[in-house]
Structure formats: structure tokens, C-alpha cells
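Below is one structure, written out as C-alpha cells; comments come after it.
The values are calculated or read from the model by the stated rules, or taken from the named source; none is laboratory data. Keep in mind that what you see is a predicted model, and the values were worked out from it rather than measured. Every residue, glycine among them, receives a Cβ derived from its backbone with ideal geometry; neighbour counts consider all protein chains shown. Side chains are part of the model used for accessible areas, which takes the heavy atoms of the whole protein and leaves out ligands, DNA and RNA. Shrake-Rupley method; radii C 1.70, N 1.55, O 1.52, S 1.80 Å.
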2 protein chains.
Amino acid sequence: MSRDDLPPEAGDGTLPEATDADRFTNARAIRSTALFEDYTELIADLTEEFGEARITDIARRLGVTHPTANKAVLRLKREGLVISRPYRGVFLTEAGAAMARQVKARHRLVVRLLIAVGVPPEAAEMDAEGIEHYVSETTLKAFETYLDGRQ
Amino acid sequence: MSRDDLPPEAGDGTLPEATDADRFTNARAIRSTALFEDYTELIADLTEEFGEARITDIARRLGVTHPTANKAVLRLKREGLVISRPYRGVFLTEAGAAMARQVKARHRLVVRLLIAVGVPPEAAEMDAEGIEHYVSETTLKAFETYLDGRQ
DNA sequence: ACGGAAATGTAGCCCGTGCTATATTTCCAA
DNA sequence: TTGGAAATATAGCACGGGCTACATTTCCGT
């Protein structure tokens, strides 16, 4: 039982450099930004549709209560992703809009790839909602290349 | 501004049945079980390697402190996924072992698919850690079919 | 066999993300 | 124009999941 001095992952040949802990720590970091990504994307959508993003609409689209949406918007504000005045709509800052654009592009790409490998569109759309946050730039590039190569 | 009585998603043609809220609610539900999945999988690995899963090893592999791992194990216990005696190792129940098997199979499949579409193995391994939790049975089946069809 | 190091457990803190209940503000229609 | 409905804000609760600090137990080497 003396495995304290073993180099991590030695012997199994799967991961010479990235340790388990790295991967999990990475996943946790992503999890903490996923909510911001969902909100900025949604606020962008609502702004495009209605000219503004209102708390009630945000809450309904996300399937949460208004106070939850309101609290999240406060955090987004603190992070400089949105601006808002009391009892008024919410609007993305440049940083927020940039995040929204990136998230949206990633979302579309993930859905396209899933469909390309045979996933039914409804399942692709459903699963992409969670998957999209965890797709790295490297993987995204690979998806693009794959999709381009198909026609 | 009267969109209160609009059918959700009407007009964009992307999602006739699954509303946005459904997708987000689904993603939140998955997020809450992801931690359990990570723990059961890891405990299975450690048990296979060392004959038992010890708190210290669990914590190190996940990149968290011992108290965090300990608290999580208490939750796993409460959920009937593991058994443990004070100051002793942690062991999976049948339910926990079943979850571990399922998670591991899913993980492998996701990694294989990512690699199959051209993602570098290290990135595939890294991204799969987050992605795996969000892949539905339907999508999993599609992955299998796709991989089978390639050779 | 026993003393110190390592492992484990526990207390208590912080913050996120959900909720309900209640106050406040806005806005539309009579 | 004003009263009531809808929207928004706020307070406070619960729990998850991370941490540090400290107590306790186990275990190994001398």
C-alpha cells in the first residue's frame, strides 16, 4: 500500500501529463462559468427578439423563479457582463456580448457535430445544452475540421 | 411587448416540443448528479487498484481537500451508493458499483468518439470529464452506432 | 509497546444557486 | 388619472461543495 511516491498515472499509459486532479479541477472551473454562459446567451437572444431582456422572461426561459434570475443577474453585473437599472431590462456589456457570441457559436457547432455523427436533432439540442460548456478550443477546432471534411 | 401568450419557441422552428426551460432544467438535474458519478467511478478505480478507496486518495485524485472528500462521501452514503466505517476505507454498494460501471462505459465511449472525429487524445480525455455527464442514452446509442460503422 | 506521523473526522466559514414570502415599483386600462 | 395587476426587488431559508483549523484515531518504525 505504499503508493505515495508513485508518479501519478504511471503504468497505465493513458495520461502521461494531465493527472486526474487536473481534469477534475478543470471540470469544476468550467462548471462555475457555465451559468454565466447560459445567461449571457439567453440575454442576447431575448434582446434580439424583444429589444431588451426582462427578468421575468429570463426566469421563464431558464425554468427558474424570478428571484433566482434576479440574483444571478446581480452576479453577472458584478462580473461586468451586464448592466441594468432597477425595474428595467438587462443589457449585455461588450464583454457579455462577446461571451454570448462565443457561447452561441460553440453551441451551434456542438449540435451540428452531434447530428453529423447520427444523434437525433432533439437529443442533440438537449444534450448540447450541457456539453457545450466543456468543449475546449482544441476540440472545437477538431469539430470544425471534421464537419468541413464531410462535404 | 405582449409575448406572454405566445407559445414558447413558436416561429423559430428549432424546437417544437422541448422548450428552453426543459433543456436548462435537465442540465441542472444532471449537474447535481455529476459529482456522485465522479466519486463512484473514482472509488471503483481505487478499489480495483488498491483493494480499498481511502479518503486521502480520493481527495488527491479529485484535487480537493480531505474534508471536502469526506463530506461528499457522507452524501454518497446517505444516497446508498457507498458504505464505510469510521477511519476505514470506502466501498461501493451494488447501486454504487452499477453507477460506476455505467459512468465508466460512458466515459470510454465519449473519449472514443471524440478521438474518432479527430480530437487529440489528451484533449479528448480532458473534455470527456465534463461532457460524459451530459450524454443521454439516445446520444450514447448514436455514438456506438457511429463507431461500429467506421470499421 | 509506544510515540510520532499520517489518515480521518468534525466544526465552522464562505459563496453559489435554488426556493418562498413579502415589499416595492411600474404600467396599463377603465 | 388612478387603482389594480404585473414586474421587479429584497429578505431569509436550505443545501451543495469548496476551504482552514483543529481533534481524534490508526499505524508503523524504533
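The value of relative contact order for chain A, using C-alpha pairs under 8 Å at least six residues apart, is 20 percent. Loop-located GluC sites (Glu not before Pro) across region B:76-151 with a Cβ neighbour count of 16 or fewer within 10 Å are B:Glu79, with loop assigned by DSSP.
Solvent-accessible surface (1.4 Å probe) assigned to B:Arg85 amounts to roughly 150 Å². With one equal scatterer per alpha carbon and no solvent term, the Debye-computed log10 I(q)/I(0) for region A:20-150 at 0.17 1/Å reads -0.95. Axis-proximal residue of chain B for the rotation onto chain A, reported as residue and distance in whole Å: B:Ile131, 3, based on Cβ position.
Take each residue of peptide A:115-126, count the partner chain Cβ atoms within 10 Å of its Cβ, and average: the result is 6. Local charge for B:Lys141 was computed over the other residues whose Cβ lies under 13 Å away, with Lys and Arg +1 and Asp and Glu -1, and equals -3.
The mean number of Cβ atoms from other chains found within 10 Å of a Cβ in peptide B:62-69 is 3, as a whole number.
Surface analysis of region B:35-91 yields an accessible area of 55 Å² per residue, using protein heavy atoms and a 1.4 Å probe.
In the context of the full protein assembly, A:Met126 retains an accessible surface of approximately 50 Å², using a probe radius of 1.4 Å and ignoring ligands and nucleic acids. Across identical copies of the chain, A:Ser32 has label-point separations of 2.2 nm, listed in ascending order, with the point defined 7 angstrom from Cα along Cα→Cβ.
Evaluated at q = 0.09, 0.13 Å⁻¹, the base-10 log of the normalised Debye intensity for the protein assembly as shown, with identical point scatterers placed on the Cα atoms, takes the values -0.51, -1.00.
More than 12 Å apart: what percent of Cα pairs in region B:111-151 qualify? Cα-Cα pairs of region B:111-151 separated by over 12 Å account for 58 percent. Take each residue in B:19-31, count the other chain C-beta atoms within 10 Å of its C-beta, and the mean is 6. Within straight-line reach of A:Lys141, meaning a Cα separation under 20 Å, sit the following lysines at least 8 residues removed in sequence or on another chain: A:Lys104.
Rounded to the nearest 20 debye, the dipole magnitude of the protein assembly as shown is 1000 debye, with +1 charges on Lys and Arg beta carbons, -1 on Asp and Glu beta carbons, and the Cα centre as origin.
Here is how far apart the A:Thr56 label points are across copies: 5.9 nm, shortest first, using a point 7 Å from Cα toward Cβ.
When A and B come together, around 4300 square angstrom of accessible surface is lost from both chains combined, probe 1.4 Å. Full extension of the chain segment joining A:Glu144 with A:Thr93 gains 15.5 nm, where the gain is 0.36 nm per residue of separation less the Cα-Cα distance. Ascending distances from the A:Glu79 label point to its copies in the other chains, with the point 7 Å along the Cα-to-beta-carbon line: 2.4 nm.
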